[in-house]
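Engineer: Take a look at the following structure, please.
The values are calculated or read from the model by the stated rules, or taken from the named source; none is laboratory data. Just so it is clear, the model here is predicted, and its values are computed rather than measured. Reconstructed Cβ throughout: ideal geometry from the backbone, glycine too, with neighbour counts over all protein chains shown. All accessible areas refer to the heavy atoms of the entire protein, side chains included, with ligands and DNA or RNA removed. Shrake-Rupley method; radii C 1.70, N 1.55, O 1.52, S 1.80 Å.
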Amino acid sequence: MHENTKLIIPTPELIREYGKQFDKDPAVPAITKLIEWKPDNTDADGVLLKVVVINKLYSAGIYDVKKVALGISQIADLDTRLSHGEESVVEKVATAGNIRRFYSFATKYCSWHRPDLYPIYDSGVDKLLNSYSEERINPFNMGEPFSIAPGTNLRNYHDFRSVVDAFRKICKLEKVSYQALDKFFYLHSKEVFP
C-alpha cells in the first residue's frame, strides 16, 4: 500500500461521491450509448465496435480485436446468459477468439452489458481488495472481519464475485450496486496505488 494514502471504509454516501467523480469521464456516456445502440451480441459488426471501444478506453491490450469480436458473437446464447448473470460467461468472453485469456476485459464487457450483475475486475481492484483483507476491516464489528481466504483466486470469476459480495456485506453495502462499487474501487485503487 502507498505510504501516504490510507484505505477508506466506504459508505453509500462516499460511494456516490466517487461515482460523481468517475462519471465526469467522457468515456462513460460514450460506452453507455454504444451498448444501448448495439445491445445484442450476435451481430459481429456491433460486437466489434464494442470490443474496439472497451479495449481502447480500458487499455485492455487486445491486439486482434476482430478475432475476439467474432469469438464473442459466436458464444451460444450470450445475451440470455448475461441477463441471468451467469458467471461462466465471463470465462467464455475472456477466451473468445482463442488468442489468450483477457479476463479483465471480459469482466468489463459483461459489466457494461449488465452492470447490476457483473462486478469489474482489474489489477488495481485486486490489490485494493487484498489490502482490505490484510487490514482485516470490520467497520461494524459484525462477526469475523473481512478477509480473503488462502487459495482464493480473484482471477476466477466465482471467487472474485464472492469476495466482492463479502466486502459489500461486511461494509453494509448490499444495497449498493456493483457498478457504483466498481467506480469507488477503481478511483480509490488509483489513490492508494498511484
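Engineer: With every protein chain left in place, what is the accessible area per residue of the chain in square angstrom, probe 1.4 Å?
Structural biologist: 52 Å²
Engineer: Round to a whole number: what % of the accessible area of the range 71-127 belongs to carbon and sulfur, probe 1.4 Å?
Structural biologist: 47 percent
Engineer: Right, another one. Along the charge dipole of the chain, Cβ charges K/R +1 and D/E -1, which of LEU48, ILE137, VAL89 sits furthest on the positive end?
Structural biologist: LEU48
Engineer: Based on the Cβ-Cβ distance of ILE99 and ASP79, what FRET efficiency does E = 1/(1 + (r/R0)^6) give at R0 = 30 Å, to the nearest 0.05?
Structural biologist: My answer for the efficiency is 0.85.
Engineer: Further, regarding this structure: Report the relative contact order of the chain, percent, no decimals, based on alpha-carbon pairs under 8 angstrom and at least 6 residues apart.
Structural biologist: Contact order relative to length: 25 percent.
Engineer: Once you order the gyration tensor axes a ≥ b ≥ c over the Cα atoms, which shape class does the range 132-186 get: rounded for a/c under 1.5, otherwise prolate or oblate by comparing a/b with b/c?
Structural biologist: Because a/c hits 1.5 or more and a/b fails to exceed b/c, the range 132-186 counts as oblate.
Engineer: Mind checking which of ASN156, ILE170, LEU34 is farthest towards the positive end of the chain's charge dipole, using Cβ charges of +1 (Lys, Arg) and -1 (Asp, Glu) about the Cα centre?
Structural biologist: Result: LEU34, furthest along the dipole toward the positive end.
Engineer: To the nearest 20 debye, what charge dipole does the range 36-194 have about its Cα centre, counting +1 at the Cβ of each Lys and Arg and -1 at the Cβ of each Asp and Glu?
Structural biologist: Roughly 280 debye, rounded to the nearest 20.
Engineer: Would you mind computing, in nm to one decimal, how far apart the modelled labels at LYS127 and GLU17 are, each placed 7 Å from Cα along Cα→Cβ?
Structural biologist: About 2.3 nm, to one decimal.
Engineer: Round to the nearest 10 and give me the degree value, 0 to 90, for the angle of helix 103-113's Cα axis relative to the longest principal axis of the chain.
Structural biologist: Helix 103-113 sits at roughly 80 degrees to that axis.
Engineer: Just to confirm the number: angle between the C-alpha axis of helix 44-57 and the first principal axis of the chain, 0 to 90 degrees, nearest 10?
Structural biologist: Tilt relative to the chain: about 40 degrees.
Engineer: Moving on. How many percent of the alpha carbon pairs in the chain exceed a separation of 20 Å?
Structural biologist: Of all Cα-Cα distances in the chain, 55 percent exceed 20 Å.
Engineer: Another question, if that's okay. Given a Förster distance of 45 angstrom, what is the FRET efficiency for ASN138 paired with ASP64, based on the Cβ-Cβ distance and rounded to 0.05?
Structural biologist: Approximately 0.50, to the nearest 0.05.
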